[in-house]
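Report on one structure; see the data block that follows.
Where a number appears in this text, it was derived from the coordinates with a stated rule and is not lab data. Remember, it's a predicted structure, so these values are computed and weren't measured experimentally. Every residue, glycine among them, receives a Cβ derived from its backbone with ideal geometry; neighbour counts consider all protein chains shown.
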Amino acid sequence: MKVFHTVEEVRKYVNQKRKNDKTIALVPTMGYLHEGHESLVKRAAKENDIVVASVFVNPIQFGPNEDFESYPRDFERDCKVLEKAGAAAVFNPTAEEMYGENFTTYVNTTGVTENLCGKSRPVHFKGVCTVVLKLFNIVTPDRAYFGQKDAQQLSVIRRMVRDLNVPVEIVGCPIIREKDGLAKSSRNTYLSEEERKAALVLSQAVKLGQEMVADGEKDTMKIVSKMKELIEKEPLAKIDYVEAVDLDDVENVLSISDGKKALFAEAVYIGKTRLIDNFITE
Ligand code: PAF
């Protein structure tokens, strides 16, 4: 697997592949890879000739009191995981390479960014959209793969791509879970043994919500309040939000209507660690 640290190197590589008519996939990550990321790379490798993954802890998507400094990093291990999963190249730039001196251009996607995580993390999606658009411009992929765990991120990226006519197909991939249900996340490594057990309330609430939907409940408020009740029983859990929104515009919905996908999303602090999980109605 090729390892690139500069924009110039990775551009040269993908341009060469393009000349040979290869299809190119991008899997953007912040590293510290788990089976969720692995599943994205494997799927990308099945559907494209060349998979380029990026490993970059993007400073501009973290707020001042968030975990940018402590975000787990292990590039050597990431490379092994990526190569095994089928990546042909990894792009691992420094912050200086991505945001040199006098960087002043940001992508501000409105509306879809204002609810859920956008409320509690005000600079987050501006940072995500800016880095993702930069990665699209650098790697020029035919397809880009993102996990459904960050469901709002996926809706925001789809909107940005649509609004700015970015010539890339966005592929959303299912949430990968631990055996006991906890959604895989690099941030799970922050949890103590006791918190790890407490964190199960997130997937339990998701399961409860899914069961209510399967039983025919259409009233989103009833579903959300039962999910909240379950989470509130866990002493180590503190709810940031549990909400039902339209998957496309991320605006709150009061009832599940046929033909429109609703996203039930939750963010919950377990101790100091903020975790997210969700499910989407059929
Ligand atoms: O989902 C992530 O890991 C990040 O938000 C992304 C898409 C790699 C942008 O930094």
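A few notes on this one:
- Within the chain, the ratio Rg/Rh, alpha carbon atoms throughout and Rh by Kirkwood, equals 0.97.
- A straight chain from GLU211 to SER225 at 0.36 nm per residue would run longer than the Cα-Cα distance by 3.6 nm.
- If you plug the beta carbon distance of ARG11 and GLU114 into 1/(1 + (r/R0)^6) with R0 = 25 Å, you get a FRET efficiency near 0.15.
- The helix-only estimate of mean residue ellipticity at 222 nm for the chain, built from DSSP H runs of length n ≥ 4 each weighted as -39500 (n - 2.57), is -11500 deg cm²/dmol after division by the residue total.
- Charge dipole of the chain about the Cα centre (unit charges at C-beta), most positive-ward option of LEU33, VAL51, GLY259: VAL51
- At R0 = 25 Å, FRET efficiency that the Cβ-Cβ distance of LYS272 and ARG177 yields, to 0.05: 0.65
- Rounded to two decimals, the Cα radius of gyration of the stretch 180-282 over 2.2 N^0.38 Å is 1.06.
- Shape annotation for the stretch 47-198: C-alpha extents along the principal axes are 45, 38, 31 Å, from largest to smallest.
- If the Kirkwood radius is taken over C-alpha pairs of the stretch 138-241, then at 4 °C and 1.567 mPa s the Stokes-Einstein diffusion coefficient equals 80 µm²/s.
- Here the stretch 1-103 is treated as a sphere whose radius is the Kirkwood value from Cα pairs; by Stokes-Einstein at 4 °C and 1.567 mPa s it diffuses with a coefficient of 90 µm²/s.
- Long pairs among LYS149/LYS228; LYS42/LYS207; LYS184/LYS260; LYS126/LYS179; LYS12/LYS134; LYS218/LYS272, criterion Cα-Cα beyond 22 Å: LYS42/LYS207; LYS184/LYS260; LYS126/LYS179; LYS218/LYS272
- The value for the stretch 229-282 of Rg(Cα) / (2.2 N^0.38 Å) is 1.27.
- Cα-Cα separations in the stretch 47-97 greater than 13 Å, expressed as whole percent: 64 percent
- Helix runs (DSSP H) in the chain reaching 20 Å along axis by Cα, Kyte-Doolittle at least 0.5: 124-139, 200-214
- Ranked by how many other beta carbons lie within 10 Å on average, peptides 200-213, 228-241 from highest: 200-213, 228-241
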